[in-house]
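Below is one structure, written out as structure tokens, with a few remarks after it.
The values are calculated or read from the model by the stated rules, or taken from the named source; none is laboratory data. All values reported here derive from a predicted model rather than from experimental measurement. Note: ideal-geometry Cβ built from the backbone for every residue, glycine included; neighbour counts use all protein chains shown.
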Amino acid sequence: MKNLISFARIVEKRGIMFFKQKKNYQKIDGKKGRDCNERWAVLDAFVNENPNALSIDVGAAEGYFSKKIAEKTGGRVIAIEGSEHVLSRQRTYCNDEIESGKILSMNIALTDKNVDFFTQHQYDYCVLLAVLHWIHNPDFVLREFAKVSKIVFLELPELEDKKSWNQPYLKRIADEFGTLENYIAGISGKQILQVTKVVSHTAGYRRIFVLG
């Protein structure tokens, strides 16, 4: 864990960014943003109390899921976020957990070039909600986190979602794998334990896949 903290300080100074979210993403204060309660209900059924738990939330945004996991497990969560606007909101929303060491808030854009800093650890829960299609080399990132995580919560746009970012990625999945299920199982090497439809902000619905 010490090497992650040192790495976090280096990254903070460099201000590494990839995609910059300039608007509210998660509705944490009654203002604009995507409601997270429905998605948390899916995660909540699998997350258990365990003060020794270590989890990671990639693309944590305002930190809604990081906070919920930290509260329920009583353990620690690494929250990775590369956009200043939502990160600023996260550090207010999760201030108590950050100050107590329950959440390690990291200002970094995850790529296939730095994922190894995080996959040196074993995780109880890995959150990849609506983030893989924003990451360079998402296959590699999913595969590496799946290797070191007991449970992975994964949300991707439906292949027919024409309003989603990264249409080439969705087209490749369709061309090479046919379905999201085939892609997720094939790349992660994990079993799909549950699939749940949730309301989407770019189409009628998305699905959360629970992998274990």
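The residue that is surrounded by the fewest Cβ atoms within 10 Å (Cβ to Cβ), counting only those in segment 113-134 that are touching a strand residue (DSSP E or B) at 6+ places or on another chain (Cβ under 8 Å) and within 21 Å of residue 173 (Cβ to Cβ), is 133.
When the criteria are applied in full, residue 141 meets the requirement of being assigned to a helix (DSSP H, G or I) and surrounded by 22 or more Cβ atoms within 10 Å (Cβ to Cβ). Scan segment 31-49 and give yes if some residue there is of a type outside the set (A, V, I, L, M, F, W, C), under 19 Å from residue 118 (Cβ atoms) and loosely packed, with under 14 Cβ neighbours inside 10 Å, otherwise no. No, that holds for no residue.
Test residue 209 against the criterion of being within 27 Å of residue 37 (Cα to Cα), aromatic (Phe, Trp, Tyr), surrounded by 15 or more Cβ atoms within 10 Å (Cβ to Cβ) and at pLDDT 95 or above, and give yes or no. The answer is yes for residue 209.
Please pick out the residue among 174, 146, 185 that is assigned to a helix (DSSP H, G or I), touching a Cys at 6+ places or on another chain (Cβ under 9 Å) and either surrounded by 14 or more Cβ atoms within 10 Å (Cβ to Cβ) or modelled with pLDDT of 95 or more (or both).
On the way: 174 fails: touching a Cys at 6+ places or on another chain (Cβ under 9 Å); 185 fails: touching a Cys at 6+ places or on another chain (Cβ under 9 Å).
Exactly one residue qualifies, and that residue is 146.
Take residue 196 and decide whether it is part of a loop (DSSP other than H, G, I, E, B) and either more than 19 Å from the chain's Cα centre (by Cα) or of a type in the set (S, T, N, Q) (or both). No.
Please go through segment 174-194 and pick out each residue that is hydrophobic (A, V, I, L, M, F, W, C), in contact with a strand residue (DSSP E or B) (Cβ under 8 Å, 6 or more places away or on another chain) and farther than 23 Å from residue 66 by Cβ. I'd like the intermediate steps shown before the answer.
At the first step, the residues of segment 174-194 found to be hydrophobic (A, V, I, L, M, F, W, C) are 174, 177, 180, 184-185, 187, 192-193.
If we keep only those that are in contact with a strand residue (DSSP E or B) (Cβ under 8 Å, 6 or more places away or on another chain) as well, we get 180, 184-185, 192-193.
Within segment 174-194, 180, 185, 192 meet the criteria.
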